[in-house]
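*Asks:* Following this message is one structure expressed as C-alpha coordinates.
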Amino acid sequence: MTNFWSIWIIVLSSVVIIGCIFLLRACSKNNTGVKEGESMGHSFDGIEELNNPLPKWWSYMFYITIVFSVIYLALYPGLGSYKGLLGWTSSNQSVRTLAESKQAVIDAQAEGRWVQYDQEVKHADEKFGPIFKAYADTPLEELVKNKEALKVGGRLFLQNCAMCHGSDARGSKGFPNLTDGAWLYGGELETIKTSIMNGRHGMMPPKGGLPIEDSELPGLAEYVVKLSGREHDEALAAQGQGSFMKGCFACHGMDGTGNKFMGAPNLTDNAWLYGGSRGAIQQSVKNGRSGVMPAWKDVLGEEKVHVISAYVYSLSNK
(Lines give C-alpha, C1' and ligand atoms only; values in the text may rest on other atoms or scores of the structure.)
Protein backbone atom coordinates (compact mmCIF):
# COMPACT_ATOMS: atom_id res chain seq x y z
CA MET A 1 0.00 0.00 0.00
CA THR A 2 1.36 3.44 -0.94
CA ASN A 3 1.86 6.15 1.68
CA PHE A 4 -0.95 8.21 0.14
CA TRP A 5 -3.57 5.52 0.55
CA SER A 6 -2.28 4.59 3.98
CA ILE A 7 -2.61 8.19 5.17
CA TRP A 8 -5.99 8.49 3.45
CA ILE A 9 -7.37 5.47 5.32
CA ILE A 10 -5.96 6.65 8.66
CA VAL A 11 -7.40 10.15 8.25
CA LEU A 12 -10.77 8.92 7.00
CA SER A 13 -11.13 6.35 9.80
CA SER A 14 -10.15 8.91 12.44
CA VAL A 15 -12.59 11.50 11.08
CA VAL A 16 -15.43 8.96 11.13
CA ILE A 17 -14.71 7.92 14.74
CA ILE A 18 -14.37 11.51 15.95
CA GLY A 19 -17.46 12.50 13.98
CA CYS A 20 -19.46 9.73 15.66
CA ILE A 21 -18.40 11.03 19.07
CA PHE A 22 -19.46 14.62 18.31
CA LEU A 23 -22.73 13.46 16.71
CA LEU A 24 -23.56 11.32 19.73
CA ARG A 25 -22.82 14.16 22.14
CA ALA A 26 -24.85 16.62 20.08
CA CYS A 27 -27.83 14.28 20.04
CA SER A 28 -27.55 13.79 23.79
CA LYS A 29 -28.02 17.52 24.49
CA ASN A 30 -31.32 19.37 24.54
CA ASN A 31 -30.89 22.21 22.05
CA THR A 32 -34.57 22.57 21.15
CA GLY A 33 -35.62 25.15 23.70
CA VAL A 34 -38.35 22.79 24.82
CA LYS A 35 -38.18 21.01 28.15
CA GLU A 36 -37.76 17.27 28.09
CA GLY A 37 -41.05 15.44 28.02
CA GLU A 38 -42.98 18.40 26.61
CA SER A 39 -44.61 18.61 23.18
CA MET A 40 -42.58 19.73 20.17
CA GLY A 41 -45.72 21.17 18.63
CA HIS A 42 -45.93 18.51 15.93
CA SER A 43 -48.71 15.98 15.60
CA PHE A 44 -50.04 13.75 12.85
CA ASP A 45 -52.91 11.31 12.83
CA GLY A 46 -53.29 11.64 16.56
CA ILE A 47 -49.61 11.01 17.26
CA GLU A 48 -47.79 13.87 19.04
CA GLU A 49 -44.02 14.36 19.02
CA LEU A 50 -42.46 14.85 22.44
CA ASN A 51 -38.98 16.06 23.28
CA ASN A 52 -37.60 12.85 24.69
CA PRO A 53 -33.87 12.28 25.19
CA LEU A 54 -31.98 9.36 23.72
CA PRO A 55 -32.23 6.26 25.93
CA LYS A 56 -29.15 6.05 28.14
CA TRP A 57 -28.57 2.37 27.30
CA TRP A 58 -28.56 3.30 23.61
CA SER A 59 -26.01 6.08 24.14
CA TYR A 60 -23.81 3.90 26.35
CA MET A 61 -23.88 1.12 23.75
CA PHE A 62 -22.52 3.46 21.08
CA TYR A 63 -19.85 4.87 23.40
CA ILE A 64 -18.72 1.30 24.13
CA THR A 65 -18.67 0.57 20.40
CA ILE A 66 -16.46 3.61 19.77
CA VAL A 67 -14.06 2.62 22.56
CA PHE A 68 -13.92 -0.93 21.21
CA SER A 69 -13.11 0.32 17.70
CA VAL A 70 -10.24 2.48 19.01
CA ILE A 71 -8.75 -0.44 20.98
CA TYR A 72 -9.19 -2.81 18.04
CA LEU A 73 -7.48 -0.43 15.58
CA ALA A 74 -4.62 0.02 18.05
CA LEU A 75 -4.04 -3.72 18.46
CA TYR A 76 -4.76 -5.04 14.94
CA PRO A 77 -4.08 -3.88 11.36
CA GLY A 78 -6.78 -1.57 10.09
CA LEU A 79 -5.29 1.89 9.79
CA GLY A 80 -3.50 1.87 6.47
CA SER A 81 -0.12 0.18 6.66
CA TYR A 82 -0.06 0.30 10.47
CA LYS A 83 0.50 -3.30 11.63
CA GLY A 84 -1.01 -2.98 15.10
CA LEU A 85 0.60 -3.45 18.51
CA LEU A 86 0.13 -7.23 18.42
CA GLY A 87 1.76 -7.59 15.00
CA TRP A 88 -1.01 -9.94 13.87
CA THR A 89 -1.19 -10.99 10.24
CA SER A 90 -3.53 -13.36 8.41
CA SER A 91 -0.71 -14.56 6.19
CA ASN A 92 2.95 -15.41 6.59
CA GLN A 93 3.68 -14.45 2.98
CA SER A 94 6.26 -11.94 4.15
CA VAL A 95 7.91 -14.70 6.16
CA ARG A 96 8.00 -16.98 3.14
CA THR A 97 9.87 -14.39 1.13
CA LEU A 98 12.63 -14.50 3.75
CA ALA A 99 12.93 -18.26 4.05
CA GLU A 100 10.94 -21.20 2.75
CA SER A 101 11.15 -23.22 5.92
CA LYS A 102 9.26 -24.17 9.05
CA GLN A 103 11.88 -22.38 11.08
CA ALA A 104 10.77 -19.09 9.54
CA VAL A 105 7.27 -19.65 10.92
CA ILE A 106 8.70 -20.51 14.36
CA ASP A 107 10.79 -17.34 14.30
CA ALA A 108 7.73 -15.31 13.35
CA GLN A 109 5.81 -16.70 16.32
CA ALA A 110 8.75 -15.99 18.63
CA GLU A 111 8.65 -12.37 17.50
CA GLY A 112 4.95 -12.15 18.29
CA ARG A 113 3.63 -12.34 14.74
CA TRP A 114 0.55 -14.52 14.34
CA VAL A 115 0.34 -16.75 11.29
CA GLN A 116 -2.88 -18.53 12.11
CA TYR A 117 -4.36 -18.48 8.63
CA ASP A 118 -1.40 -20.09 6.93
CA GLN A 119 -1.08 -22.71 9.64
CA GLU A 120 -4.72 -23.65 9.16
CA VAL A 121 -4.24 -23.84 5.40
CA LYS A 122 -1.15 -25.98 5.89
CA HIS A 123 -3.07 -28.29 8.23
CA ALA A 124 -5.96 -28.54 5.75
CA ASP A 125 -3.58 -29.31 2.89
CA GLU A 126 -1.97 -32.09 4.89
CA LYS A 127 -5.35 -33.58 5.77
CA PHE A 128 -7.26 -33.16 2.51
CA GLY A 129 -4.43 -32.95 -0.02
CA PRO A 130 -4.19 -36.73 -0.53
CA ILE A 131 -7.95 -36.93 -1.05
CA PHE A 132 -7.96 -34.27 -3.78
CA LYS A 133 -4.88 -35.87 -5.31
CA ALA A 134 -6.74 -39.17 -5.57
CA TYR A 135 -9.73 -37.44 -7.14
CA ALA A 136 -7.48 -35.59 -9.60
CA ASP A 137 -5.95 -38.89 -10.70
CA THR A 138 -9.41 -40.26 -11.46
CA PRO A 139 -10.77 -39.60 -14.98
CA LEU A 140 -13.80 -37.32 -14.99
CA GLU A 141 -15.89 -40.05 -16.61
CA GLU A 142 -15.36 -42.18 -13.51
CA LEU A 143 -15.43 -39.34 -11.01
CA VAL A 144 -19.03 -38.41 -11.90
CA LYS A 145 -20.05 -41.85 -10.63
CA ASN A 146 -18.37 -41.32 -7.25
CA LYS A 147 -21.03 -40.07 -4.83
CA GLU A 148 -18.51 -38.96 -2.21
CA ALA A 149 -16.57 -36.97 -4.78
CA LEU A 150 -19.76 -35.28 -5.94
CA LYS A 151 -20.57 -34.34 -2.34
CA VAL A 152 -17.14 -32.72 -2.05
CA GLY A 153 -17.66 -30.97 -5.39
CA GLY A 154 -21.04 -29.73 -4.20
CA ARG A 155 -19.51 -28.16 -1.09
CA LEU A 156 -16.78 -26.51 -3.17
CA PHE A 157 -19.47 -25.22 -5.52
CA LEU A 158 -21.42 -23.67 -2.65
CA GLN A 159 -18.29 -22.00 -1.31
CA ASN A 160 -17.04 -20.58 -4.59
CA CYS A 161 -19.68 -20.64 -7.33
CA ALA A 162 -23.05 -20.18 -5.64
CA MET A 163 -22.71 -16.39 -5.38
CA CYS A 164 -23.25 -16.17 -9.15
CA HIS A 165 -25.00 -19.39 -10.14
CA GLY A 166 -27.09 -19.74 -6.98
CA SER A 167 -27.06 -22.45 -4.34
CA ASP A 168 -29.32 -24.53 -6.59
CA ALA A 169 -27.11 -23.78 -9.63
CA ARG A 170 -30.09 -22.40 -11.54
CA GLY A 171 -28.43 -19.03 -12.01
CA SER A 172 -30.20 -15.71 -12.46
CA LYS A 173 -30.36 -12.95 -15.05
CA GLY A 174 -26.93 -12.77 -16.66
CA PHE A 175 -25.67 -15.90 -14.85
CA PRO A 176 -26.16 -19.27 -16.60
CA ASN A 177 -28.43 -21.99 -15.32
CA LEU A 178 -26.18 -25.04 -14.96
CA THR A 179 -29.02 -27.54 -14.65
CA ASP A 180 -30.89 -27.11 -17.94
CA GLY A 181 -28.35 -28.59 -20.35
CA ALA A 182 -28.16 -25.38 -22.42
CA TRP A 183 -24.42 -24.73 -22.69
CA LEU A 184 -22.88 -21.71 -24.41
CA TYR A 185 -19.50 -23.39 -24.85
CA GLY A 186 -20.52 -27.03 -24.58
CA GLY A 187 -21.47 -29.32 -21.73
CA GLU A 188 -18.89 -32.05 -22.19
CA LEU A 189 -16.81 -32.92 -19.14
CA GLU A 190 -13.53 -31.55 -20.45
CA THR A 191 -15.23 -28.43 -21.83
CA ILE A 192 -16.78 -27.68 -18.46
CA LYS A 193 -13.40 -28.11 -16.80
CA THR A 194 -11.80 -25.79 -19.36
CA SER A 195 -14.47 -23.17 -18.70
CA ILE A 196 -13.87 -23.28 -14.94
CA MET A 197 -10.09 -23.42 -15.22
CA ASN A 198 -9.60 -20.61 -17.73
CA GLY A 199 -12.80 -18.60 -17.41
CA ARG A 200 -14.89 -17.27 -20.28
CA HIS A 201 -15.31 -13.86 -21.87
CA GLY A 202 -18.55 -13.48 -23.79
CA MET A 203 -19.33 -10.34 -25.75
CA MET A 204 -22.07 -9.38 -28.18
CA PRO A 205 -21.54 -5.88 -29.61
CA PRO A 206 -24.51 -3.51 -29.91
CA LYS A 207 -26.64 -4.65 -32.87
CA GLY A 208 -23.94 -7.22 -33.55
CA GLY A 209 -21.87 -4.47 -35.15
CA LEU A 210 -24.29 -4.55 -38.08
CA PRO A 211 -26.19 -1.78 -39.91
CA ILE A 212 -29.44 -2.50 -38.11
CA GLU A 213 -31.79 0.43 -37.48
CA ASP A 214 -33.82 0.82 -34.29
CA SER A 215 -36.97 0.51 -36.38
CA GLU A 216 -35.93 -3.06 -37.27
CA LEU A 217 -35.65 -4.24 -33.65
CA PRO A 218 -39.32 -5.26 -33.15
CA GLY A 219 -39.23 -7.42 -36.26
CA LEU A 220 -35.86 -8.93 -35.35
CA ALA A 221 -37.12 -9.76 -31.85
CA GLU A 222 -40.23 -11.35 -33.36
CA TYR A 223 -38.08 -13.52 -35.61
CA VAL A 224 -36.02 -14.67 -32.62
CA VAL A 225 -39.27 -15.51 -30.84
CA LYS A 226 -40.22 -17.59 -33.87
CA LEU A 227 -36.87 -19.40 -33.76
CA SER A 228 -37.57 -20.42 -30.16
CA GLY A 229 -40.81 -22.07 -31.22
CA ARG A 230 -43.23 -19.65 -29.57
CA GLU A 231 -46.35 -18.00 -30.91
CA HIS A 232 -45.47 -15.07 -33.14
CA ASP A 233 -46.61 -12.59 -35.73
CA GLU A 234 -45.63 -14.24 -39.01
CA ALA A 235 -45.55 -11.01 -41.04
CA LEU A 236 -43.42 -9.17 -38.48
CA ALA A 237 -41.12 -12.18 -38.09
CA ALA A 238 -40.62 -12.26 -41.87
CA GLN A 239 -39.39 -8.66 -41.71
CA GLY A 240 -37.09 -9.57 -38.83
CA GLN A 241 -35.61 -12.45 -40.79
CA GLY A 242 -34.25 -9.97 -43.29
CA SER A 243 -32.52 -8.09 -40.47
CA PHE A 244 -31.17 -11.37 -39.08
CA MET A 245 -29.66 -12.19 -42.45
CA LYS A 246 -27.67 -8.96 -42.42
CA GLY A 247 -25.10 -10.85 -40.39
CA CYS A 248 -26.56 -12.24 -37.14
CA PHE A 249 -26.21 -15.69 -38.67
CA ALA A 250 -22.42 -15.34 -38.64
CA CYS A 251 -22.45 -16.08 -34.89
CA HIS A 252 -25.83 -17.67 -34.26
CA GLY A 253 -25.92 -19.79 -37.42
CA MET A 254 -28.32 -19.74 -40.34
CA ASP A 255 -30.81 -21.78 -38.31
CA GLY A 256 -30.16 -19.89 -35.08
CA THR A 257 -28.69 -22.84 -33.22
CA GLY A 258 -25.63 -20.86 -32.15
CA ASN A 259 -21.91 -21.58 -32.15
CA LYS A 260 -20.28 -23.21 -29.12
CA PHE A 261 -16.78 -22.35 -30.33
CA MET A 262 -17.66 -18.67 -29.99
CA GLY A 263 -20.07 -18.97 -27.08
CA ALA A 264 -22.89 -17.65 -29.30
CA PRO A 265 -26.25 -18.68 -27.77
CA ASN A 266 -28.64 -21.13 -29.35
CA LEU A 267 -31.76 -19.08 -30.12
CA THR A 268 -33.97 -22.10 -30.69
CA ASP A 269 -33.90 -23.81 -27.28
CA ASN A 270 -35.91 -21.18 -25.38
CA ALA A 271 -33.20 -20.88 -22.72
CA TRP A 272 -32.43 -17.21 -22.07
CA LEU A 273 -29.53 -15.72 -20.19
CA TYR A 274 -30.92 -12.17 -20.06
CA GLY A 275 -34.61 -12.87 -20.55
CA GLY A 276 -36.66 -14.09 -23.49
CA SER A 277 -39.39 -11.48 -23.65
CA ARG A 278 -39.60 -9.36 -26.79
CA GLY A 279 -38.48 -6.32 -24.82
CA ALA A 280 -35.48 -8.15 -23.34
CA ILE A 281 -34.47 -9.46 -26.76
CA GLN A 282 -34.65 -5.98 -28.26
CA GLN A 283 -32.55 -4.62 -25.41
CA SER A 284 -29.94 -7.33 -25.92
CA VAL A 285 -29.71 -6.60 -29.63
CA LYS A 286 -29.69 -2.82 -29.27
CA ASN A 287 -27.18 -2.48 -26.41
CA GLY A 288 -25.24 -5.72 -26.75
CA ARG A 289 -24.20 -7.96 -23.89
CA SER A 290 -20.91 -8.60 -22.12
CA GLY A 291 -20.25 -11.31 -19.57
CA VAL A 292 -17.13 -12.53 -17.82
CA MET A 293 -16.57 -15.68 -15.83
CA PRO A 294 -13.27 -15.51 -13.92
CA ALA A 295 -10.63 -18.20 -14.21
CA TRP A 296 -10.36 -20.43 -11.14
CA LYS A 297 -7.15 -22.30 -11.85
CA ASP A 298 -5.03 -19.93 -9.76
CA VAL A 299 -7.65 -19.63 -7.01
CA LEU A 300 -8.61 -23.26 -6.40
CA GLY A 301 -6.01 -25.21 -8.33
CA GLU A 302 -6.64 -27.94 -10.89
CA GLU A 303 -7.33 -30.68 -8.33
CA LYS A 304 -10.34 -28.88 -6.84
CA VAL A 305 -11.54 -27.66 -10.23
CA HIS A 306 -11.44 -31.29 -11.36
CA VAL A 307 -13.93 -32.24 -8.62
CA ILE A 308 -16.18 -29.22 -9.22
CA SER A 309 -16.28 -30.05 -12.94
CA ALA A 310 -17.65 -33.50 -12.19
CA TYR A 311 -20.27 -32.00 -9.89
CA VAL A 312 -21.38 -29.37 -12.42
CA TYR A 313 -21.66 -32.03 -15.12
CA SER A 314 -23.83 -34.15 -12.85
CA LEU A 315 -26.31 -31.30 -12.39
CA SER A 316 -27.62 -31.58 -15.95
CA ASN A 317 -26.88 -35.27 -16.47
CA LYS A 318 -28.74 -37.01 -13.66
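The values are calculated or read from the model by the stated rules, or taken from the named source; none is laboratory data. Predicted model only: the values in this text are computed from it and were never measured. Note: ideal-geometry Cβ built from the backbone for every residue, glycine included; neighbour counts use all protein chains shown. Accessible surface is based on the protein model in full, side chains and every heavy atom, while ligands, DNA and RNA are left aside. Shrake-Rupley method; radii C 1.70, N 1.55, O 1.52, S 1.80 Å.
*Asks:* Could you tell me whether the chain comes out rounded, prolate or oblate from its Cα gyration tensor? Rule is a ≥ b ≥ c as square roots of the eigenvalues, rounded for a/c under 1.5, then prolate if a/b exceeds b/c, otherwise oblate. Don't skip to the answer; put the middle values down first.
*Replies:* On the way: a/c = 2.63, a/b = 1.32, b/c = 1.99.
Judged from the Cα gyration tensor, the chain comes out oblate (a/c at least 1.5, b/c at or above a/b).
*Asks:* Going by accessible area, probe 1.4 Å, with all protein chains left in place, what is the ranking of PHE44, PHE249, PHE132, largest first?
*Replies:* Sorted by accessible area, descending: PHE44, PHE249, PHE132.
*Asks:* I've got another one for you. Ignoring ligands, DNA and RNA, what accessible area per residue does the chain give at 1.4 Å, in Å²? It would help to have the intermediate numbers written out before the result.
*Replies:* Working: 20250 Å² over 318 residues.
Ligands and nucleic acids excluded, the result is 64 Å² per residue.
*Asks:* Another question about this same structure. Can you sort TRP57, TRP8 by 1.4 Å-probe accessible area, starting with the largest?
*Replies:* TRP57, TRP8
*Asks:* For LYS83, tell me the accessible area in Å² from a 1.4 Å probe, rounded to the nearest 10.
*Replies:* Accessible area of LYS83: about 150 Å².
*Asks:* Taking +1 at the Cβ of each Lys and Arg and -1 at the Cβ of each Asp and Glu, which of ALA136, GLY240, GLY202 sits farthest along the dipole of the chain towards its positive end, judged by Cα position relative to the Cα centre?
*Replies:* ALA136
*Asks:* Charges only on Cβ, +1 for Lys and Arg, -1 for Asp and Glu: so what's the dipole of the chain about the Cα centre, in debye to the nearest 20?
*Replies:* 560 debye
*Asks:* Also: In terms of modelled amide H atoms, which long-range or inter-chain residues lie less than 5 Å from the amide H of ASN259?
*Replies:* Those qualifying (amide H under 5 Å, at least 5 residues apart or on another chain) are ALA264.
*Asks:* Kindly provide the helix-only [θ] at 222 nm of the chain, computed as the sum of -39,500 (n - 2.57) over DSSP H runs of four or more divided by all residues, to the nearest 500 deg cm²/dmol? Present the calculation step by step, with values, prior to reporting the outcome.
*Replies:* Working: 14 runs with 164 residues, N = 318.
Helices in the chain give a 222 nm mean residue ellipticity of -16000 deg cm²/dmol.
*Asks:* Moving on. How much accessible area does ASP255 have with a 1.4 Å probe, in Å² rounded to the nearest 10?
*Replies:* Accessible surface of ASP255 is approximately 90 Å².
*Asks:* I've got another one for you. Keeping all protein chains in the complex and leaving out DNA, RNA and ligands, what accessible area do you get for MET203 with a 1.4 Å probe, in Å² to the nearest 10?
*Replies:* Around 130 Å² of this residue is reachable by solvent.
*Asks:* If you don't mind, there's one more thing I want to ask. Rounded to the nearest percent, how much of the accessible area of the chain (1.4 Å probe, protein heavy atoms only) is carbon and sulfur? If you can, show how the numbers build up before the last one.
*Replies:* Working: 12110 of 20250 Å².
In the chain, the share of accessible area belonging to carbon and sulfur is 60 percent.
*Asks:* A further question on this structure: Helix 278-287: angle to the longest alpha-carbon principal axis of the chain, degrees 0 to 90, nearest 10?
*Replies:* That works out to roughly 80 degrees.
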